[in-house]
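Report on the following structure.
Where a number appears in this text, it was derived from the coordinates with a stated rule and is not lab data. Every value quoted in this text rests on a predicted model; they were computed, and no experiment measured them. In this analysis, Cβ positions are derived from the backbone assuming ideal geometry, glycine residues included, and neighbour counts consider all displayed protein chains.
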Amino acid sequence: MDIATKSLRTLRTGKTLDDLIKRDTREVSLAVLSDEELYQWELENLFAMSWNLLGHKSEIPDANDYMVRHIGEDQVIVARDRQGAIHVSLNVCPHRGMRVALGEEGNTPAHKCIYHGWAFRPNGDFIGAPVEKEQMHGALCSKAELGLKKARTHIYGGLIFATWNENAPSFDDYLGEFKFYLDMLFNRTDNGLEVLGAPQKVSMDCNWKCNGEQSGGDGFHTLTLHRFLIDTLFGSTEGGSDPADVAPAMYGINVSANGHNLRCIPVEMTFAMARDMNATQMSLAEQLAKLPPPGITQNLVPQLTKHLSDKQIELLVKAAPQVGGMFPNIQLAFVYAPQPDGEMLGGLGMHIIVPKGPLRSEFWTWLFAEKDCPEDIKEKMLRSSIQQLGTSGLIEMDDSDVYPHMTLAAKGYKGRKDMTLKYQAILGENKPEGWPGGGKVFAGFSKDDTQWEWWEAYYAAMNKTYDY
Ligand code: FES
Ligand code: FE
């Protein structure tokens, strides 16, 4: 596997990746949001070769539980075996190509194809075909060769990832320096997170990268597209006041590593409650007791010290990573969710955008709580989160308004030929003195830096060559 410095492929349009992604001026051709051939290349180079998020282990808690998910446009069966291990197999019957699991989820010790009855174990192994004595699977292949195609699988913080690429970097290498930050969200308590119900799904007429690149850390649009949120939290901005003055959360510390990113937001910038705490006079333990990180309840505070380093806890308390994404198609929101009665809850959400062709996508939303969080708090977190996130959420309704328009614009002749996405607002790397974590750090007003890092990761991943 090699990374080319110049794009090796030329599309039928005559364009190379270097024509589409102009790294000197930080522009990306709008054509990337509609080009069919580029899309097929993404299925090969990004989705088939990278680690894909499929769900959370708490969705399939029991032996023989399974769910149907996607690696790019390929359906996969994610199943738990009797020993508790989780397996990911291509949902395509090796006999004549029928889908094996037809539902979205269920529980079965044997996945049986409805066409001619071939059956498979949760780990994908071939059990047999009907009329065993007649050996209806033939004699040319052994049973061991007739199982479902198996993916390489990794569980991180309860999240299930898989790839077809046997030579893909280890999951730790895929995370790189991002792991320090991500562990603060997914690996911080004894029993970890659990899902609050099934994931929500919604279809959108948009290219998957509309959300992919926004997940690269677009803080900018919160000032305008999500303006109601600022008005609700900080008072009306109508009358011409500068939204930046009433959106202090725009001043944060953005971190980028391997195309992944998180935005650490100093808590006293956001909430009067935090400012009133006069945190400089308080110990970390006192701050944790008064305003724990999003999703952490008082009973869980002692567990943080078991799982995280002092530096991680300090960052989590003072400037928790709250929004961000993982390359290529994961979005994270682990945010404080203030309630009308003054109670401070957490809203823990995660999305993926699943490609369904160059002009169509499916947007998935999972909501979480810490497993050992009190049940009444989980209830409130669920109610509060579904008002904000996913299909019913006020915030993401805004986002789903713009993606289809961008995609339509990319279909037009002039639009795809001449227009570019621009990432020219540059803050630059400026890691604050004593910053505890690695990666590229951009401290200050959120600009286009981490989103451009997302495109750099895209460029590098698309330019790798593989033996398919
Ligand atoms: Fe599945 Fe024939 S296609 S058993
Ligand atoms: Fe948004």
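Its Cα gyration tensor gives the chain an equivalent ellipsoid; the semi-axes, largest first and in whole Å, are 38, 29, 20. Net charge in the neighbourhood of residue 30 (other residues with Cβ under 14 Å of its Cβ; Lys, Arg +1, Asp, Glu -1) is +3. For residue 160, the amide hydrogen comes within under 5 Å of the amide hydrogens of 54, 55, 56, 57, counting only partners 5 or more places away or on other chains and with H modelled in the peptide plane. For the cross-link pairs 318/422; 143/356; 112/133; 306/440; 290/318; 209/414, the ones whose C-alpha atoms lie over 23 Å apart are 318/422; 143/356; 306/440. Taking amide H positions as modeled 1.01 Å from N, with prolines and chain starts lacking one, the residues under 5 Å from residue 346 and 5 or more places away or on another chain are 295, 337.
Need one number: % antiparallel among DSSP beta bridges in the chain, to the nearest 5. Once the DSSP bridges in the chain are tallied, antiparallel ones form about 100 percent.
Just to confirm my numbers, what's the Cα centroid distance between the stretch 6-57 and the stretch 343-419 in Å? After rounding, the separation between the Cα centres reads 22 Å. For the chain, the longest principal axis of the Cα atoms and the long axis of helix 375-388 meet at an angle of about 90 degrees. A DSSP coil position with no more than 16 other Cβ atoms inside 10 Å describes the following trypsin sites (Lys or Arg not before Pro) in the stretch 8-82: 9, 12, 23, 82. Couplings for the stretch 9-22, taken from phi via the Karplus curve 6.51 cos²θ - 1.76 cosθ + 1.60 with θ = phi - 60°, read 9, 10, 6, 4, 6, x, 8, 9, 4, 5, 6, 7, 10, 8 Hz in order; Gly and Pro are left as x.
Compared with the alpha-carbon gap, the fully stretched path from residue 418 to residue 286 is longer by 41.9 nm at 0.36 nm per residue. Short-range pairs are left out: with C-alpha atoms under 8 Å and at least six residues apart, the relative contact order of the chain is 22 percent.
Sequence-ordered 3J(HN,Hα) estimates for the stretch 454-459 from the Karplus curve with 6.51, -1.76 and 1.60 and θ = phi - 60° stand at 4, 5, 5, 5, 4, 4 Hz, glycine and proline given as x.
Between beta-carbons, use under 13 Å as the cut-off and find the net charge around residue 105, counting Lys and Arg +1, Asp and Glu -1. Around residue 105, the surrounding residues sum to -1. A DSSP coil position with no more than 12 other Cβ atoms inside 10 Å describes the following GluC sites (Glu not before Pro) in the stretch 154-219: 166. A straight Cα-to-Cα reach below 18 Å connects residue 380 with the aspartates and glutamates 194, 341, 343, 370, 372, residues fewer than 8 places away in its own chain not being considered. Other residues within the sphere of radius under 15 Å centred on the Cβ of residue 366, judged by their own Cβ, net out at -2 (K and R +1, D and E -1).
Seen through its C-alpha gyration tensor, with square-root eigenvalues sorted a ≥ b ≥ c, the stretch 391-436 comes out oblate because a/c lies at 1.5 or above while a/b is not bigger than b/c. The amide H of residue 98, built 1.01 Å from its N in the peptide plane, has 93 as neighbours under 5 Å, considering only residues 5 or more places off or on other chains. Here the Kirkwood formula, the inverse mean of 1/r across different C-alpha pairs, assigns the stretch 321-464 a hydrodynamic radius of 18.1 Å. Here the stretch 1-148 was treated as a single set of alpha-carbon atoms; its pair distances binned every 5 Å from 0 give 2, 8, 15, 15, 13, 11, 9, 9, 9, 6, 2, 1, 0, 0 percent. Working note: Karplus 6.51/-1.76/1.60 with θ = phi - 60° gives the stretch 330-336 the couplings 10, 10, 10, 9, 10, 10, 5 Hz, where Gly and Pro are set to x.
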